[in-house]
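**Q** Have a look at this one before I ask anything.
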Amino acid sequence: MFWNLTVQGSANLWFAAFQMENLFSTARGADNVIYERLADGNYDIKKTSREHLEQFGSAGLRTLCLAYRDLSMDQYKSWNEKFVQAKSSLRDRDKKLDEVAELIEKDLILIGCTAIEDKLQEGVPACIETLSAAGIKIWVLTGDKMETAINIAYACSLVNNDTKQFIISSETDTIREAEDRGDPVEIARVIKESVKQSLRSYLEEARRSLSNTPERKLAFIIDGRCLMYALDPALRVNLLGLSLICHSVVCCRVSPLQKAQVTSLVRKGARKITLSIGDGANDVSMIQAAHVGIGISGQEGMQAVMASDFAIAQFRYLTDLLLVHGRWSYLRLCKVITYFFYKNLTFTLTQFWFTFQTGFSGQRFYDDWFQSLYNVIFTALPVIMVGLFDKDVSASLSKKYPQLYQEGIRNTFFKWKVIAVWGFFAFYQSIVFYYFTAAASQHGHGSSGKILGQWDVSTMAFTCVVVTVNLRLLMSCNSITRWHYFSVAGSIAAWFLFIFIYSAIMTSFDRQENVYFVIYVLMSTFFFYLTLILVPVIALFGDFLYLSLQRWLFPYDYQVVQEMHKDDPHEYSMIRLPERSHLSPEEARSYAISMLPRENSKHTGFAFDSPGYESFFASQQGVCVPHKPWDVARRASMKQQRQQPQRTGRS
Amino acid sequence: MNSGDAAGSSSGGSGDAGAPRRASRKPKYSKFTQQELPACKPILTPKWVISVFLLVGVIFVPIGVASLLASNKVVEIVDRYDDACVPSNVTNKLAYIQNSTISKTCRRTLKVPKDMKQPIFVYYQLNNFYQNHRRYVKSRNDQQLRDASKANETTLCDPEKTRDGMAIVPCGLIAWSTFNDTYTFQHNTNNLSIDKTDISWKSDRDHKFGSDVFPKNFQKGPLIGGKTLNESIPLSEQEDLIVWMRTAALPTFRKLYGRIYVDLKENDTITVTLDNNYNTYSFDGKKSLVLSTSTWLGGKNDFLGLAYLTVGGLCFFLAFAFTLLYLIKPRKLGDNNYLSWNRNSAGH
């Protein structure tokens with residue numbers, strides 16, 4: 001009979017009973033937590049286990065310790081009463097549960113330790129390199145030991161042998177001495193003091209390094225216990241300063257709460273946009289603390305996915321999410337929003353100019369229905385098409401040039417300058433629409449000599465507005481599909497259809513039939529066609545001039561990339577992400593060989609990125625195991641690189 | 001728990017030949033949803049810029065020339081008479097114009113500057129008259145104008161709605177203020193007849209103003225705003241009213257008065273006998289008489305021609321300027337060095 005209480009996050013407690021006679025509880029958890037709770041004695045097994053743990057850690061395996069304790073029925077019953085009470089208390093339940101757990105989790109006997117290989121997903125190092133090239137700073141927050149975490153960082157290319165590492169650890173000698181003395185207040189003081197000193201000195205050193213040798217990368221590594229003190233309001237500023245200077249930050253042994261705290265620190269302290277990605281239940285608070293939370297759905301269940309804003313299936317899909325879809329989304333949003341303001345501004349300002357000539361009486365220039373349907377029918381669909389389909393460069397080019405992402409980071413397309421330019425052209429166009437149409441319609445049209453009234457002039461102006469605004473959208477598109485053509489032509493056709501119908505009917509609902517028959521008379525004059533050609537061309541003239549000059553003299557990055565690849569054949573397929581679930585094991589292995597990772601990791605730890613474990617353990621046992629093909633190839637490629645350090649090529 | 005998810009998801013997959021394949025959860029591929037529609041990716045290269053400017057120039061200049069020629073062919077005589085037609089001994093012009101007992105006939109002579117071919121259009125032009133004022137524009141009731149049975153519909157016609165309890169037909173300020181100066185012409189001592197039919201839009205006559213609606217109770221109040229209407233003529237034949245009620249867009253406007261079907265020669269004299277009835281003196285308005293010919297483009301309006309010519313010329317100039325720009329400041333298309341991360345000497 002087994003039952004389980006998850007009382008504390010780091011230790012799981014299991015109770016087991018054999019036929020109600022022997023009662024014992026087992027606990028598993030991280031080594032430091034379990035070691036605190038062991039009974040005295042058994043020094044050999046403790047020492048051997050510690051050695052093993054270190055070995056496992058440096059091999060990059062994730063370790064756990066197991067311990068047990070015998071209980072008598074009375075002990076259990078008395079403890080259970082307190083436990084039930086604590087569990088059903090209404091206030092401070094967590095605190096009371098912690099206290100109750102402390103009562104039973106002591107004097108444990110160590111059984112041993114376990115080590116698990118936790119491979120990095122495929123494509124993770126390449127993904128992280130690409131994102132770093134895109135200007136995104138990457139931090140690792142993990143609950144593993146420091147050695148494991150450093151191994152991970154090496155495998156991900158966040159840290160390499162050239163990187164200057166700033167390490168703040170709670171396993172230093174001074175701290176160990178304080179722990180041996182046993183006074184918790186003293187321990188806390190010592191740790192806090194040491195963290196404060198380290199932060200200050202590291203910060204200075206980092207600043208010096210940055211000014212003297214800017215190309216040398218800096219990495220900051222801190223463990224959870226020190227982090228607890230570093231997040232203190234007094235030390236937080238230095239912590240943030242140092243973290244932001246360093247190129248990568250690794251926090252190990254962090255609890256889920258600390259993960260969330262670190263994320264909030266950057267979010268609120270540095271006011272940067274933060275993105276958290278995780279795949280387990282312990283990442284939920286971090287995912288929720290960031291601006292954008294991404295959950296990886298997978299082996300560890302769906303808690304991370306359920307708490308996240310976006311869910312992806314593998315870590316490497318993050319490049320697609322950010323560099324392709326995120327970037328396109330930013331570009332499209334900017335275009336849609338600025339275009340929307342522009343089209344309404346130009347339309348409304350035209351009426352504004354009219355008021356100067358109505359004695360400021362507030363007479364509307366356009367008929368009511370024109371105004372109501374402007375945003376609904378005549379100009380709505382094309383901008384939706386742009387928002388859905390506009391691409392500045394294709395998906396593969398977005399990933400090839402991750403630096404294009406910087407445009408989003410620097411907010412290049414939504415600055416005040418951009419909006420001011422749109423506003424200026426809206427202003428200019430409204431002047432053209434109003435004054436040119438009014439001036440052109442002055443004295444009689446056509447050989448009949450009859451004069452046009454206000455509603456005739458306004459219908460003419462409105463036709464010009466609709467045509468211009470739709471054509472302007474086409475001018476600002478980077479990629480025009482046939483849906484764009486349909487929607488633009490369709491909107492203009494919808495306007496003509498509407499005005500034909502509206503001019504032809506007279507209902508009892510119209511209090512004033514202003515526009516009756518207007519369009520038919522207009523279209524029977526040469527004036528209409530001449531004005532329809534003239535006014536949109538003049539209105540778009542300014543924009544065309546500006547776009548040509550801007551592209552030639554001050555091109556955006558994406559425009560240069562477009563020009564570089566303008567003769568590439570169109571890629572209509574193969575944007576699908578590679579999937580291996582349908583391959584047999586043989587096929588999977590040959591695929592793996594073909595997808596051999598080419599990271600230039602100079603670290604000798606082959607922990608997370610190659611299946612070399614069998615060889616490791618086998619050699620420990622003295623068993624000869626045939627090398628796997630990819631392992632051989634990998635070792636061979638590594639040997640070459642040790643002699644000639646290469647620069648990573650980035651286009 | 002579930003070892004072998006392959007078995008789990010392809011539970012009925014025993015019929016599959018070959019290796020068991022996991023049922024893919026990918027949505028069905030379609031070009032629309034995967035954003036892979038074939039697209040044209042226009043780039044504004046120098047070639048395009050210069051060709052567009054040249055094309056616009058080439059199209060616009062001939063059109064501009066044709067429009068300007070048409071406008072120059074139009075011969076126009078404009079004669080302002082509102083100040084000249086008040087006798088010089090009158091100091092209070094407002095009182096003069098409002099006095100209905102004085103005769104306001106005035107005689108003007110016009111000289112024809114160039115040959116004018118028939119039909120010659122007679123317009124009256126008003127300045128500083130805001131027919132586009134909001135309260136003026138809304139002051140009419142179209143249902144009443146159209147339908148005899150709706151004669152009592154006078155909503156929106158304030159303040160000219162009812163007189164002595166009865167509805168005014170046609171109600172509203174626009175109808176009340178109809179222009180009422182009249183003109184007769186003599187050419188070299190021959191009387192010229194003016195054709196006052198078909199001066200309004202046909203659609204207005206047929207559909208907006210009813211043929212069975214007669215003016216009633218009109219201009220019976222203390223303030224007379226303009227023309228009085230003959231109560232036996234239906235509205236659809238009251239062309240002056242119809243022309244006036246098509247409100248103008250700008251404060252300076254012309255309205256068609258009639259047509260003359262006689263050719264006029266250069267240096268001919270036209271004598272106009274006009275009744276200076278309409279009161280523009282209370283608001284500094286101006287009245288003018290206009291005689292004009294018309295071409296395929298309409299009356300005298302240089303604007304279209306000039307605009308086309310200007311834009312065409314500007315486009316040619318810009319095509320030339322851009323050619324210079326591309327020669328002076330050349331930039332190889334797709335030059336790597338223009339990427340901002342290559343331009344910055346210190347990468348980051």
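The values are calculated or read from the model by the stated rules, or taken from the named source; none is laboratory data. Just so you know, these numbers come straight off a predicted model, no measurement behind them. Here the Cβ positions follow ideal geometry from the backbone for every residue, glycine too, while neighbour counts run over all protein chains shown. We work out accessible area using only protein heavy atoms, side chains counted, and drop any ligands, DNA or RNA first. Shrake-Rupley method; radii C 1.70, N 1.55, O 1.52, S 1.80 Å.
**Q** Pairs only if they're at least six apart or on different chains, beta carbon under 7 angstrom, first in region A:387-398 and more than 8 Å from chain B (Cβ to nearest Cβ), second among the β-branched types (Val, Ile, Thr) and open to solvent by less than 20 Å² (accessible area, probe 1.4 Å); list them, first residue then second.
**A** A:Val393/A:Val561; A:Ala395/A:Val324; A:Leu397/A:Val561; A:Ser398/A:Val324
**Q** Same structure again: Based on what the data block shows, is A:Asn514 more than 7 Å from every other protein chain (Cβ to nearest Cβ), in contact (Cβ under 8 Å) with a residue 12 or more places away in the chain and out of contact with any Ser or Thr (no Cβ under 7 Å at 6 or more places or on another chain)?
**A** Taking the combined requirement at face value, the residue satisfies it.
**Q** Out of all the residues in region A:479-500, which are buried (at least 17 other Cβ atoms within 10 Å of the Cβ), of a type in the set (Ser, Thr, Tyr) and in a helix (DSSP H, G or I)?
**A** Listed by number, the residues that qualify are A:Ser487, A:Ser491.
**Q** Cβ contacts < 9 Å: first residue on the phi > 0 side of the Ramachandran plot, restricted to region A:345-359; second residue at pLDDT below 95, any location; separation 6+ or different chain. Result?
**A** A:Gly359/B:Tyr130; A:Gly359/B:Asn132; A:Gly359/B:His133; A:Gly359/B:Arg134; A:Gly359/B:Pro251
**Q** A:Leu345 versus (1) within 26 Å of A:Leu474 (Cα to Cα); (2) over 21 Å from the mean Cα position of the chain (by Cα); (3) open to solvent by less than 40 Å² (accessible area, probe 1.4 Å): which is the lone unmet condition?
**A** Against the list (1) within 26 Å of A:Leu474 (Cα to Cα); (2) over 21 Å from the mean Cα position of the chain (by Cα); (3) open to solvent by less than 40 Å² (accessible area, probe 1.4 Å), A:Leu345 comes up short only on (3).
**Q** Select the helices (runs of 4 or more DSSP H) contained entirely in region A:279-355, then report the ones holding at least 3 residues which are more than 26 Å from A:Val254 (Cα to Cα).
**A** Helices (runs of 4 or more DSSP H) meeting the threshold: A:327-355.
**Q** Given the conditions (1) farther than 30 Å from A:Tyr366 by Cβ; (2) within 14 Å of chain A (Cβ to nearest Cβ); (3) part of a helix (DSSP H, G or I), report the number of the one that B:Val122 does not fulfil.
**A** All conditions are met except number (3).
**Q** Kindly indicate the residue of region B:229-247 that is among the charged types (D, E, K, R) and under 28 Å from the mean Cα position of the chain (by Cα) and also most open to solvent (accessible area, probe 1.4 Å) among those meeting that condition.
**A** Ranking the qualifying residues of region B:229-247, first place goes to B:Glu237.
**Q** Would a scan of region A:193-203 turn up a residue that is closer than 25 Å to A:Gly29 by Cβ and away from chain B (no Cβ under 14 Å)?
**A** Yes, region A:193-203 has at least one match.
**Q** Does region B:291-314 contain any residue that is β-branched (Val, Ile, Thr), touching a residue at least 60 places away in the same chain (Cβ under 8 Å), surrounded by fewer than 19 Cβ atoms within 10 Å (Cβ to Cβ) and farther than 30 Å from B:Tyr257 by Cβ?
**A** Yes, some residue in region B:291-314 is β-branched (Val, Ile, Thr), touching a residue at least 60 places away in the same chain (Cβ under 8 Å), surrounded by fewer than 19 Cβ atoms within 10 Å (Cβ to Cβ) and farther than 30 Å from B:Tyr257 by Cβ.
**Q** Which residues, taken from region B:138-166, are within 10 Å of chain A (Cβ to nearest Cβ) and basic (Lys, Arg)?
**A** Once the filter is applied, which keeps residues that are within 10 Å of chain A (Cβ to nearest Cβ) and basic (Lys, Arg), region B:138-166 yields B:Lys138, B:Arg140, B:Arg146, B:Lys150.
Listed here are the residues, each with its yes/no results for (1) away from chain A (no Cβ under 11 Å); (2) at pLDDT below 85; (3) assigned to a helix (DSSP H, G or I); (4) open to solvent by 40 Å² or more (accessible area, probe 1.4 Å).
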| residue | (1), (2), (3), (4) |
| --- | --- |
| B:Ser3 | yes, yes, no, yes |
| B:Pro20 | no, yes, no, yes |
| B:Ser24 | no, yes, no, yes |
| B:Val56 | no, no, yes, no |
| B:Pro62 | yes, no, yes, yes |
| B:Ala84 | yes, no, no, yes |
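**Q** Could you go through region B:97-109 and let me know if any residue there is surrounded by 18 or more Cβ atoms within 10 Å (Cβ to Cβ) and in contact with a His (Cβ under 9 Å, 6 or more places away or on another chain).
**A** Scanning region B:97-109, I find no residue that is surrounded by 18 or more Cβ atoms within 10 Å (Cβ to Cβ) and in contact with a His (Cβ under 9 Å, 6 or more places away or on another chain), so the answer is no.
**Q** Now for a separate question. Filter region B:267-301 for residues that are at pLDDT 90 or above and within 13 Å of chain A (Cβ to nearest Cβ) and give the result.
**A** Passing the criteria: B:Gly285, B:Ser288, B:Val290, B:Leu291, B:Ser292, B:Thr293.
**Q** Collect the residues in region B:219-234 that are in contact with a Pro (Cβ under 7 Å, 6 or more places away or on another chain) and within 12 Å of B:Ala175 (Cβ to Cβ), keeping them in residue-number order.
**A** B:Leu229
**Q** Are there any pairs, at least 6 apart or on different chains, whose C-beta atoms fall under 7 Å, with the first in region A:519-536 and more than 10 Å from chain B (Cβ to nearest Cβ) and the second hydroxyl-bearing (Ser, Thr, Tyr) and open to solvent by less than 20 Å² (accessible area, probe 1.4 Å), and if so, which?
**A** A:Ile519/A:Thr459; A:Ile519/A:Ser503; A:Leu522/A:Thr459; A:Leu532/A:Thr463; A:Pro536/A:Thr468
**Q** Please pick out the residue among A:Leu131, A:Leu108, A:Leu141 that is more than 33 Å from the chain's Cα centre (by Cα) and either buried (at least 21 other Cβ atoms within 10 Å of the Cβ) or not charged (D, E, K, R) (or both).
**A** Checking each option against the conditions leaves just A:Leu108.
**Q** Let me ask another. Please state which of the following conditions A:Ser476 fails to meet, knowing it meets all the rest: (1) surrounded by fewer than 20 Cβ atoms within 10 Å (Cβ to Cβ); (2) over 28 Å from the mean Cα position of the chain (by Cα).
**A** With respect to (1) surrounded by fewer than 20 Cβ atoms within 10 Å (Cβ to Cβ); (2) over 28 Å from the mean Cα position of the chain (by Cα), A:Ser476 is out only on (2).
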